[in-house]
Structure formats: C-alpha cells, structure tokens
Amino acid sequence: MYMSEENYVYIMLSDTGTLFTNVIKTYTKAPYNHASLAFDPELKEMYSFGRKNPKNPLNGGFVKEDIWTGTFNKYRNTTCVIYRLQVTEREIDKMKRILEVFIKKNDKFLYNILGVIGVSLKEPVEFSNSYFCSQFVADILYRSGIKISDKLPAMVTPDDFRKNDRMELIYEGKLFDYAPIKQNEPKS
C-alpha cells in the first residue's frame, strides 16, 4: 500500500523519574517505562494511560497528555525517546475513530495496575476498559491493522517499541530540550 511522506504517528517513551517509574525500572531494567501515542511531531495531540492528576499517582486512566499542564510539566527532568512510525491515511483514520471512544467515555476507563503486574509474571491480565500505557498504545495500533509485536497488547512493554525495526528514532534526551517543545514553550 502506498504511503505518502506525511503519514506518521509518534510514539514517545518516557521516564519521569517518579517513585512509580523507578519501581518499574528496577524490574524491567529498561530506560523508559511510559508509552504515549501522538499524532503530531510537536506532541500536542498525545494520548496514553497514566495519571489523571499529576499530584496523585493512584488516580490513573485514559489521558490526553498535555506537556505544559500535566504530569510532564510537574517532572521537568523527564527523559524520553521519540519515534515516528510511517502509517497510511486509512490507519490514522482508524486510530482516530478508536480514540473517539476513549475520549467520549473517558470516565469509564481505568488504569490496569494488575496488567502491569501480569507482564512481570509473564501472564496477561486483561479487563474490559482497563489498560496500562504500552498496552493502550499497542492495542490502538493493533486495532488499526499495525502489528508491532507478536505479543498480545496486554504483554507489550515500552521497550518492545524501542526494539521494533519499524520505529524511526527522531529524538532522545530531555523532553523539554526537544526542539518542537522548546520552541513552543508558553511564555510565563
């Protein structure tokens, strides 16, 4: 299928340095333990499963991540890696249609903490309307016809994206040093 130049989605893997990510990192030994899906290189339209409130790690679920007002702004030393993934227009349309359900029923979705534990035990733990970050990103891609792993979405970790050949590395470093972020920083 023909893919034009501008059809990309962006996968950002990040490490905020929070207690929760440090606990996960102790187990995974991976540099990044949070995955987000964005539709633009400036990361203005970015989605994941994580903290609904930057101050409360226990209140998690589906989030439209905002770098300037959300969790990332609270953790300004966040490190990240950003990949772009070439996709078709049709795949983007499918992703956005699937996302509409998440956006409309935002309050119905929960953070799948048992799923995170299941990955560590090599046993998928799935509930309807419950996801963890990399499961969510993998599921959106999978349901749009993009298979990035032989694993079930409930077993995909952020490191699986990092190790995938289809991912094109565009940036690695401090999130707030990423040129499109730096250039768009709101004036205080």
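Among the candidates 94, 147, 104, 174, which residue alone is charged (D, E, K, R), at pLDDT 95 or above and within 16 Å of residue 37 (Cβ to Cβ)?
Step by step, each of 94, 147, 104, 174 is checked, and only 94 is charged (D, E, K, R), at pLDDT 95 or above and within 16 Å of residue 37 (Cβ to Cβ).
Run down 99, 169, 85, 114 and say which single residue is touching an Asp or Glu at 6+ places or on another chain (Cβ under 8 Å) and of a type outside the set (D, E, K, R).
Exactly one residue qualifies, and that residue is 85.
Among residues belonging to region 1-58 that are among the aromatic types (Phe, Trp, Tyr) and open to solvent by less than 50 Å² (accessible area, probe 1.4 Å), point out the one that is farthest from the chain's Cα centre (by Cα).
8
Could you please find all residues in region 59-72 being open to solvent by less than 30 Å² (accessible area, probe 1.4 Å), of a type in the set (Phe, Trp, Tyr) and over 17 Å from residue 138 (Cβ atoms)?
72
Do the conditions hold for residue 84, that is, is it exposed (fewer than 12 other Cβ atoms within 10 Å of the Cβ) and at pLDDT 85 or above?
So residue 84 does not fit the description; no.
For the list (1) assigned to a loop (DSSP other than H, G, I, E, B); (2) of a type in the set (Ser, Thr, Tyr); (3) under 22 Å from residue 41 (Cα atoms), I need the number of the one condition that residue 149 fails.
All conditions pass for residue 149, except number (3).
Can you tell me which residue within region 129-188, out of those that are of a type in the set (A, V, I, L, M, F, W, C), open to solvent by 30 Å² or more (accessible area, probe 1.4 Å) and without any contact (Cβ under 8 Å) to a residue 40 or more places away in the chain, is nearest to residue 59 (Cα to Cα)?
Ranking the qualifying residues of region 129-188, first place goes to 155.
If a residue has to be of a type outside the set (Ser, Thr, Tyr), under 16 Å from the mean Cα position of the chain (by Cα) and closer than 30 Å to residue 86 by Cβ to count, how many in region 107-151 make the cut?
17
For a quick check of your reading of the model, give me the residue pairs whose first member lies in region 11-34 and is within 26 Å of residue 84 (Cα to Cα) and free of Cβ contacts under 8 Å to residues at least 24 places away in the same chain, whose second is among the β-branched types (Val, Ile, Thr) and assigned to a helix (DSSP H, G or I), with beta-carbon atoms closer than 9 Å and at least 6 apart or on different chains.
none
Looking at region 116-128 only, could you name the residues that are closer than 16 Å to residue 62 by Cβ and either at pLDDT 95 or above or not in a helix (DSSP H, G or I) (or both)?
Correct list: 126, 127, 128.
The values are calculated or read from the model by the stated rules, or taken from the named source; none is laboratory data. Bear in mind that the values here come from a model prediction, so they are computed numbers and not experimental data. No Cβ is skipped: glycine too gets one built from the backbone with ideal geometry, and neighbour counts run over all protein chains shown. SASA here: full protein model, heavy atoms, side chains in, ligands and nucleic acids out. Shrake-Rupley method; radii C 1.70, N 1.55, O 1.52, S 1.80 Å.
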